[in-house]
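See below for the structure under consideration.
The values are calculated or read from the model by the stated rules, or taken from the named source; none is laboratory data. What you see is a predicted model, and the numbers here were worked out from it, not measured in a lab. When we count neighbours, we look across all protein chains shown, and the Cβ atoms used for this are built from the backbone with ideal geometry, even at glycine. Side chains included, ligands, DNA and RNA excluded: accessible areas come from the protein's heavy atoms. Shrake-Rupley method; radii C 1.70, N 1.55, O 1.52, S 1.80 Å.
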Amino acid sequence: MVRLQPDPFLNELTSMFERTTEKGSVWVTLKHSSDKSKVQRNKMATAGEEIEYRCLVRATDGKKNISTLVGAKDHQKFQASYATILKARMTALKKRERKDKRKAAEASTASDNKKHKGTKKRSSASKP
Amino acid sequence: MVYITSWDDFVERSIHLFRTTPEKTRYVMKYRHCDGKLVLKITDDKECIKFKTDQAQDAKKMETLNNIFFTMMARGPEVDITEVTGKEKAEAQPAKKRRGRKQLHLYLSLASIPFLRELF
């Protein structure tokens with residue numbers, strides 16, 4: 001696991017996305033962490049020291065692992081850059097095709113109406 | 001694995017899960033460009049909820065969720081996240097109002113010029 005600073009982490013994440021265009025996946029994990037072991041945390045808690053929490057961000061492409069810690073002060077900037085990378089890279093997802101959906105919906109309702117009309121005619125003919 | 005179909009339900013449950021066990025909860029995102037699929041998972045190693053999609057519109061919704069989690073994880077689980085969702089809406093509204101005022105000012109200033117009044 002390679003621990004990087006936020007900016008090099010983002011650069012490395014971009015190159016991960018580039019490498020996995022044809023094959024492979026990118027996993028990004030977010031976790032609330034203090035970066036201290038349980039023993040250290042317990043000691044700090046009993047001593048009355050305040051434990052500083054940060055956001056641990058990990059990324060992998062199945063082969064290489066990278067991580068970074070984002071504090072409360074720089075999380076806004078990191079989150080903005082991260083969002084830009086995702087928007088630029090996640091282009092393989094399908095765009096919403098409203099026209100096709102509407103046509104499919106209209107077609108299904110039109111076929112339902114025809115069925116209803118057919119049953120009504122039969123019932124009116126059977127009465128007299 | 002529990003796959004949730006409703007996005008809003010997924011968001012609500014994930015925030016609740018994080019607030020219940022902030023020490024153990026993690027938010028995982030898996031993206032496959034070759035298949036055009038995106039899967040989100042939130043787990044505290046006891047409960048697990050997932051959301052999968054292949055729609056571009058869900059990527060936009062995921063950005064809001066990312067913002068929520070970044071804020072909560074960097075600052076603390078007790079943080080008021082309506083700041084995150086509320087800020088975006090608040091920024092959109094005054095921007096629209098300003099444009100209207102500028103146009104109104106232009107109109108009034110032009111109307112004040114005597115020879116231009118004939119045009120109006």
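Observations, loosely collected:
- If the condition is being over 18 Å from the mean Cα position of the chain (by Cα), among the acidic types (Asp, Glu) and more than 7 Å from chain A (Cβ to nearest Cβ), then the stretch B:44-69 contributes B:Asp44, B:Asp45, B:Glu47.
- Members of the stretch B:1-28 found to be of a type outside the set (D, E, K, R), within 13 Å of chain A (Cβ to nearest Cβ) and in a helix (DSSP H, G or I), listed by number: B:Ser14, B:Ile15, B:Leu17, B:Phe18, B:Thr20
- All positions within the stretch A:14-29 that are in a helix (DSSP H, G or I) and either open to solvent by 20 Å² or more (accessible area, probe 1.4 Å) or over 12 Å from B:Tyr31 (Cα atoms) (or both): A:Thr14, A:Ser15, A:Glu18, A:Arg19
- Residues located in the stretch A:42-79, provided they are surrounded by fewer than 16 Cβ atoms within 10 Å (Cβ to Cβ) and within 9 Å of chain B (Cβ to nearest Cβ): A:Gly71, A:Lys73, A:Asp74, A:Gln76
- Total residues in the stretch B:14-27, condition crowded, with 17+ Cβ neighbours inside 10 Å and not polar (S, T, N, Q): 6
- Residue list for the stretch A:81-98, filter: more than 9 Å from chain B (Cβ to nearest Cβ), surrounded by fewer than 14 Cβ atoms within 10 Å (Cβ to Cβ) and at pLDDT 90 or above: A:Thr84, A:Ala88
- The residues of the stretch B:44-68 that are under 13 Å from A:Ala83 (Cα atoms) and either open to solvent by less than 20 Å² (accessible area, probe 1.4 Å) or of a type outside the set (Asp, Glu) (or both), listed by number, are B:Ala59, B:Lys60, B:Lys61, B:Met62, B:Thr64, B:Leu65, B:Asn66, B:Asn67, B:Ile68.
- Checklist (1) more than 8 Å from every other protein chain (Cβ to nearest Cβ); (2) exposed (fewer than 15 other Cβ atoms within 10 Å of the Cβ); (3) charged (D, E, K, R) applied to B:Lys41, failing item: (2)
- Filter result for A:Val70 (in contact with a strand residue (DSSP E or B) (Cβ under 9 Å, 6 or more places away or on another chain), β-branched (Val, Ile, Thr) and within 20 Å of B:Thr43 (Cβ to Cβ)): no
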